[in-house]
Amino acid sequence: MRLLNQVLTAAITLFIFLFSLHISAKTFYQFEPATEEEKQARILFEPLVKDMIELLNSEVPIKQDVTIVIGGDDGPLFDPQENKIYFPYSFFFFISDTFENEELAIEETTFDETVMNIFVHVLLHEYAHAYFANWDVPLLGKEEDAADVFATLFMLNVFDDPDMAYIAVDFYALLDTKTETIADLDLWGEHSLDYQRYTQSLCLIYGSDPEKYTFIMDKELKGIERDTFCIEEFHLKNYNLGKIILSNQ
Ligand SMILES: [Zn+2]
C-alpha cells in the first residue's frame with residue numbers, strides 16, 4: 001500500500017504544483033498602522049507577504065476570501081468567524097529576539113534570511129488553519145500538527161531551496177531550549193511540544209531528500225528505523241496533501 005502511495009505521490013505532486021487552479025476567492029492582506037519601530041518590520045516583510053499571497057492564491061487557493069492582517073495585538077492566529085489571519089508586529093520582534101546571539105541552523109544564511117524563513121513557515125501554518133476550515137478538510141489527530149505538516153511540505157515542494165524549511169523549523173528547537181519546565185497542562189495543549197514540532201518537521205525534511213539530509217539520522221534514530229519511517233512518512237503525507245488539494249478545486 002505504501003509503495004503504491006509513493007508511486008502516486010510522484011505523479012500527484014508534479015500535477016498539483018504545476019496545475020493552475022481557477023477559484024475566484026482570494027487571500028488579501030492589510031497592514032495596520034505601525035509605530036516607528038514597527039515600520040522597520042513592515043519595510044522588511046511587506047514584499048515577502050505580497051509574494052507569499054501570490055503563491056498561496058495560485059498553488060493552494062481558498063474557498064472564501066481570507067485576509068491576512070499584519071499588526072494589532074493578537075496572534076499569530078486564524079479567526080474562523082472573521083476569516084482573518086492575525087499577525088502582530090510584535091511577532092517579528094519575537095522571532096528576532098529568539099535568535100539574538102544564537103547559532104543559525106545554516107552558517108551561510110544571514111540573520112534576516114533566517115527570520116524571514118521562520119515567518120514564512122508560521123504564515124503557512126496559519127494559512128493551513130484557514131485552508132482546513134474553509135474547505136472543511138476532515139482531520140483525525142491534532143490540527144496543529146497537520147498545520148505544521150502543511151507548512152513544511154509547502155516549503156519543500158514549492159520553493160527551490162529545501163533548506164528554507166530546514167532553517168525555519170530550527171525555530172522550534174530553539175524555543176525548546178528556552179523552555180525550563182514542561183507542566184502536565186502542556187501535555188494537554190493543542191500544540192505538540194516545541195521539540196516534537198521540530199522533530200516532526202525534521203522527519204519530513206529528511207524523508208524529502210535522505211542523501212542531502214543524511215546527517216539528521218544518527219545511529220540511535222537508525223536503530224529505531226526512523227530513517228525508513230521518515231521516508232515513508234514524507235511520501236504518505238505528500239500524497240495526502242495532494243489528495244486534499246485536488247479535491248478542493
Ligand atoms: Zn496553529
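Here are some notes:
- Among the residues of the stretch 133-143, those identified as free of Cβ contacts under 8 Å to residues at least 40 places away in the same chain and within 16 Å of the ligand (Cβ to nearest atom) are 139, 141.
- Residue check for residue 152: within 16 Å of the ligand (Cβ to nearest atom) and of a type in the set (Ser, Thr, Tyr): yes
- Inside the stretch 60-97, residues that are touching a residue at least 60 places away in the same chain (Cβ under 8 Å) and not in a strand (DSSP E or B) make up a count of 5.
- Selected residue (only one of 115, 158, 137 is in contact with a helix residue (DSSP H, G or I) (Cβ under 9 Å, 6 or more places away or on another chain), buried (at least 18 other Cβ atoms within 10 Å of the Cβ) and not hydroxyl-bearing (Ser, Thr, Tyr)): 115
- Pair list, Cβ < 6 Å and 6+ apart or interchain, from the stretch 27-43 residues that are in a helix (DSSP H, G or I) to residues that are not hydrophobic (A, V, I, L, M, F, W, C): 38/89; 41/89
- If you filter the stretch 192-244 down to residues that are among the β-branched types (Val, Ile, Thr) and closer than 17 Å to residue 148 by Cβ, you find that the one that is surrounded by the most Cβ atoms within 10 Å (Cβ to Cβ) is 205.
- Criterion (within 12 Å of the ligand (Cβ to nearest atom) and in a helix (DSSP H, G or I)) met by exactly one of 146, 173: 146
- Test: residue 58 is small (Gly, Ala, Ser), under 27 Å from residue 160 (Cα atoms), away from the ligand (no atom under 16 Å from the Cβ) and at pLDDT 90 or above: yes
The values are calculated or read from the model by the stated rules, or taken from the named source; none is laboratory data. Owing to the predicted nature of the structure, the values given are computational and were not obtained by experimental measurement. Using ideal geometry, Cβ is built from the backbone for each residue, glycine included, and neighbour counts are taken over all protein chains shown.
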